[in-house]
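The values are calculated or read from the model by the stated rules, or taken from the named source; none is laboratory data. Being a predicted model, the structure only gives us computed values, none of them experimental. Counting neighbours? That spans all protein chains shown, and the Cβs are built from the backbone with ideal geometry, glycine included.
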Amino acid sequence: MLIRGMEDDEVVSRTQDIRVIENPKKKNDLIEEPDYDLEFLSQPKGHVARTLHVIHVSRADLLPYQQDIYNDDGKVVTQAFYSNYQKFGDVNFPSKIVINRPLDELGLTITISKSTFNQQLPSDQFDLGPIPDNFAIQNMDDPASGATAPCAVHATQSPR
């Protein structure tokens, strides 16, 4: 999961809140569920501490269900939602993870059906081998190469 621990230069604030969720047994019924919000803050500059990320934890089962990651401007850059926790061996892990990047207008849903945690990987697991002779190679850092065949990020975009 994306959740990381506290860094040495961060401050943590814990608050209690309530989230409203749909009742899984009755579709048009809502349930209030108590939660903890762990807010990770930067060291204060003057009288202001900046929010770095917030982890939302259910008080019913003490499992994280959401994380919000902020940029330097205080805008949410990543939201991760964790649900459908299952036991994989002796590890309780979310089988559904939804990651949204609102500023980039991107989203990703990960569904885990099988896990093999902490398995030994062979040393050649990520070895790509030699590049075939007929494969075109483009150096994206070379201005001449980038001008003739720019990558999608640097290509001229048509107006919307």
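Total residues in region 44-74 satisfying the condition of being outside any strand (DSSP E or B), exposed (fewer than 10 other Cβ atoms within 10 Å of the Cβ) and of a type in the set (D, E, K, R): the figure is 2.
Hey, can you tell me all the residues within region 63-84 that are under 22 Å from PRO24 (Cβ atoms), more than 14 Å from the chain's Cα centre (by Cα) and in contact (Cβ under 8 Å) with a residue 24 or more places away in the chain? LEU63 - this is the single residue of region 63-84 that is under 22 Å from PRO24 (Cβ atoms), more than 14 Å from the chain's Cα centre (by Cα) and in contact (Cβ under 8 Å) with a residue 24 or more places away in the chain. Among the residues of region 85-106, those that are touching a residue at least 24 places away in the same chain (Cβ under 8 Å) and of a type in the set (Val, Ile, Thr) comprise VAL91, ILE97, ILE99. Of the residues LYS114, LYS87, the single one that is assigned to a strand (DSSP E or B), farther than 20 Å from ILE55 by Cβ and not aromatic (Phe, Trp, Tyr) is LYS87.
Checked against (1) in a loop (DSSP other than H, G, I, E, B); (2) at pLDDT 85 or above, ALA80 passes all but a single condition, namely (1).
Residues of region 90-109 that are more than 17 Å from ASP68 (Cα to Cα) and either part of a strand (DSSP E or B) or in contact with a helix residue (DSSP H, G or I) (Cβ under 6 Å, 6 or more places away or on another chain) (or both): VAL91, ASN92, PHE93, SER95. In the condition set (1) under 19 Å from the mean Cα position of the chain (by Cα); (2) under 29 Å from THR111 (Cα atoms); (3) of a type outside the set (Gly, Ala, Ser); (4) buried (at least 16 other Cβ atoms within 10 Å of the Cβ), LEU41 is compliant with all but (2). For the list (1) more than 23 Å from ILE110 (Cβ to Cβ); (2) loosely packed, with under 11 Cβ neighbours inside 10 Å; (3) at pLDDT below 90, I need the number of the one condition that GLU10 fails. Of the numbered conditions (1) more than 23 Å from ILE110 (Cβ to Cβ); (2) loosely packed, with under 11 Cβ neighbours inside 10 Å; (3) at pLDDT below 90, the odd one out for GLU10 is (2).
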